[in-house]
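Undergrad: First the structure, which I've put down as C-alpha cells, then a few questions once you've had a look.
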Amino acid sequence: MWPQENIPITHCLYKRIPKDHIDLSLSKPKPIAYKDEELSCDWCEYSNAKQTRDRVIQYNRDPNSYFVVRMLVNDIKQKTPVLEVKHQPEPENRSHTHVNGDKKKAIDGVEIRMKLRDMSHWVIPPPSV
Amino acid sequence: MELKEKKYVYPKYIDRRDNPHAIKEYCKRGYGLDKFDYMRCATVGNRYPDYFSSYKIMQVSAVFNSVKGSKHIGCLGNRSVLEWYSGELNEELLEEQKTGTIEEYNWFEYASKNKSHFDLLVLSDNRIRIPLELKKIGDVIKASEYIVDLKDNWDDEGSKGYKSETWLNAINLILTYSVWIKENRFTIISPPQIYEGPEGSIDILWESKKYRLLLNVPEDKNLPISFYGDDFYKDSNKGTLPEYSKIKLALIESILSV
C-alpha cells in the first residue's frame with residue numbers, strides 16, 4: 001500500500017469529468033460535476049491528465065467520453081477553506097486524492113460547487129461546439 | 001381594416017366560450033364587470049385555417065360597455081381562442097359585419113404586433129404564459145425539458161433522475177424572478193443556464209463576466225431553494241429563498257440585463 005502524503009499547495013489535482021457533466025455549448029463543466037462529498041481527483045505528483053482520464057477503462061467505460069480539468073491545491077484551500085484535500089492512495093492508483101466536504105449541503109454546497117467549477121481549467125478539453 | 005385598440009387588458013384563453021352569455025358570465029366572474037348597459041352580439045362565422053399561423057378573425061362575439069372605466073371591451077375569437085381588449089372596437093368593422101361584408105385580415109399579424117405574451121407548451125400538457133420580451137428565457141426553458149427524461153444513473157456516475165415537479169418548480173422560479181425584475185425594475189434579464197443538479201435537484205445558473213448566481217431547486221419541496229452569487233472578487237451573497245433581500249437585486253439586474 002502506498003503511504004499517505006501531504007500534498008504541497010503549489011501542486012495541482014486532476015479531475016475527470018464525464019461528457020454529461022459538461023455544458024458543451026459553453027465548454028464549461030456543469031456545477032453537478034463537483035457534487036460528490038468525497039470528490040475523487042488525482043495528484044499531479046503521481047499522475048498526468050491522460051492517465052486520469054484512462055482510468056475509466058477499468059470500469060468498462062469509454063475514456064473518450066471523459067475530459068479532465070486541473071485545480072490548484074492552493075486555490076482549493078484559499079477559496080474553499082471548508083474543504084479538505086486528502087491524499088487517499090489506492091493500490092492501483094497512488095495519486096488518488098479526495099477533496100472532502102459536503103457539496104450537497106444546502107447553502108454551502110451551492111457555493112462550493114460554484115467555486116470548484118470556477119477554479120477548474122481544462123487540460124483535456126471537450127471538443128468545442 | 002383594424003381594431004382601434006387603446007388599452008390592452010389581458011389575453012385569456014377560453015375554451016368553448018363563444019356563446020355570448022358565457023362570455024358575459026366570464027366578464028362578471030373574471031373581471032368583476034357586473035353591470036353591462038350595452039351588449040351586442042355579432043357572430044359572423046368561424047373559420048379555422050392554420051391554428052395560430054394565419055387564422056382570420058371571423059367572429060365578433062360581443063361588445064360590452066362596462067362600468068369599470070374602460071368604455072368598451074371587445075371579444076374576438078373563435079371557438080378555442082378568445083382575446084380580450086379594452087378600448088373602442090372599430091365601429092366600422094361592426095357595421096360591415098352587420099351587413100355581412102366581412103373583410104378578412106390576418107389575425108396572426110395583428111396579434112403579433114399587439115400581443116404581450118406567448119404560450120409555451122411544456123411537458124405535453126403544461127401551458128406557460130410568458131411575456132414576449134422574455135422569449136429567450138422561454139427558449140432556454142424549452143431546451144432544458146430533456147432533464148425530466150433523465151432516469152437514475154443517467155450519467156453512469158450514479159446520479160439520481162429528475163421529477164417533472166422539480167423541473168416545473170425551477171422554471172416557475174426563473175419566470176417569477178424574470179417577470180418581477182421586468183415589471184419592477186424595467187429590465188430584461190439574460191436567460192440562465194438550467195442544469196441537472198445533485199440528488200434530483202435542478203441548478204439554475206446566471207453568469208456574466210461580472211457576476212454569477214447559482215440557485216439550486218431541491219427535489220424535496222420542503223427544503224429551501226439555496227443560492228450563491230458573487231462578483232468573482234469580494235462581493236458575495238448566499239442563503240436560501242425567500243430571503244430575497246440577501247440577493248443584491250440592483251447589482252444583479254444591472255449585470256444580467258441585456
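Undergrad: Taking the Cα of A:Leu24, stepping 7 Å toward and past its beta carbon, and measuring to each backbone N in region B:184-211: which are under 20 Å?
TA: Output list for this probe position: B:193-197.
Undergrad: For region B:118-256, what class follows from the C-alpha gyration tensor (a ≥ b ≥ c being the square roots of its eigenvalues): rounded when a/c is under 1.5, otherwise prolate if a/b is larger than b/c, else oblate?
TA: oblate
Undergrad: In the neighborhood of A:Arg61, defined by Cβ-to-Cβ distances under 14 Å, what is the net charge if each Lys or Arg adds +1 and each Asp or Glu adds -1? Mind dumping the intermediate values first?
TA: Numbers: positive: A:Arg16, A:Lys19, A:Arg53, A:Arg55; negative: A:Asp20, A:Asp54, A:Asp62, B:Asp155, B:Asp156, B:Glu157.
Taking every Cβ under 14 Å from that of A:Arg61, the sum is -2.
Undergrad: Also: With θ set to phi - 60° and the Karplus curve 6.51 cos²θ - 1.76 cosθ + 1.60, what are the ³J(HN,Hα) couplings of region B:135-148 in order, to the nearest whole Hz, using x for Gly and Pro?
TA: Karplus values, whole Hz, x for Gly and Pro: 4, 5, 5, x, 5, 5, 4, 4, 5, 8, 4, 4, 4, 5.
Undergrad: Turning to a different aspect of this structure: Could you list, in their original order, any pairs among A:Lys19/A:Lys50; A:Lys15/B:Lys163; B:Lys136/B:Lys209 whose Cα atoms are separated by more than 24 Å?
TA: Pairs exceeding 24 Å: A:Lys15/B:Lys163.
Undergrad: Please list, ordered by chain and number, the residues whose modelled amide H lies under 5 Å from the amide H of A:His96; skip anything fewer than 5 residues away on the same chain.
TA: A:Trp43, A:Glu90
Undergrad: Okay, moving on. From Cα pairs below 8 angstrom and at least 6 apart in sequence, can you work out the relative contact order of region B:123-208, rounded to a whole percent?
TA: Computed over region B:123-208, the figure is 29 percent.
Undergrad: Could I ask something else about it? For B:Ser190, A:Ser95, A:Ser128, which order do you get if you count the other beta carbons within 10 Å of each Cβ and list the fewest first?
TA: Fewest-to-most Cβ neighbours within 10 Å comes out as A:Ser128, B:Ser190, A:Ser95.
Undergrad: List the residues, sorted by chain then number, that are 5 or more residues from B:Ile128 or on another chain and whose placed amide H is less than 5 Å from its amide H.
TA: For B:Ile128, the qualifying residues are B:Leu120, B:Leu121, B:Val122.
Undergrad: Explain nothing, just the number: relative contact order of region A:12-124, from Cα pairs under 8 Å at least 6 residues apart, as a whole percent.
TA: The normalised contact order for region A:12-124 reaches 35 percent.
Undergrad: Would you mind ranking B:Asp119, A:Asp20 so that the residue whose beta carbon has the fewest other beta carbons within 10 Å leads the list?
TA: B:Asp119, A:Asp20
Undergrad: Let me ask another. Going by the alpha-carbon gyration tensor, a ≥ b ≥ c the square roots of its eigenvalues, is chain A rounded (a/c under 1.5) or, if a/c is not under 1.5, prolate (a/b greater than b/c) versus oblate?
TA: Working: a/c = 1.61, a/b = 1.04, b/c = 1.54.
The shape class here is oblate.
FYI, it's all coordinate maths here, none of it is from the lab. Quick caveat, the model's predicted, so the values are computed rather than measured. All Cβ positions, glycine included, derive from the backbone under ideal geometry; neighbour counts span all protein chains shown.
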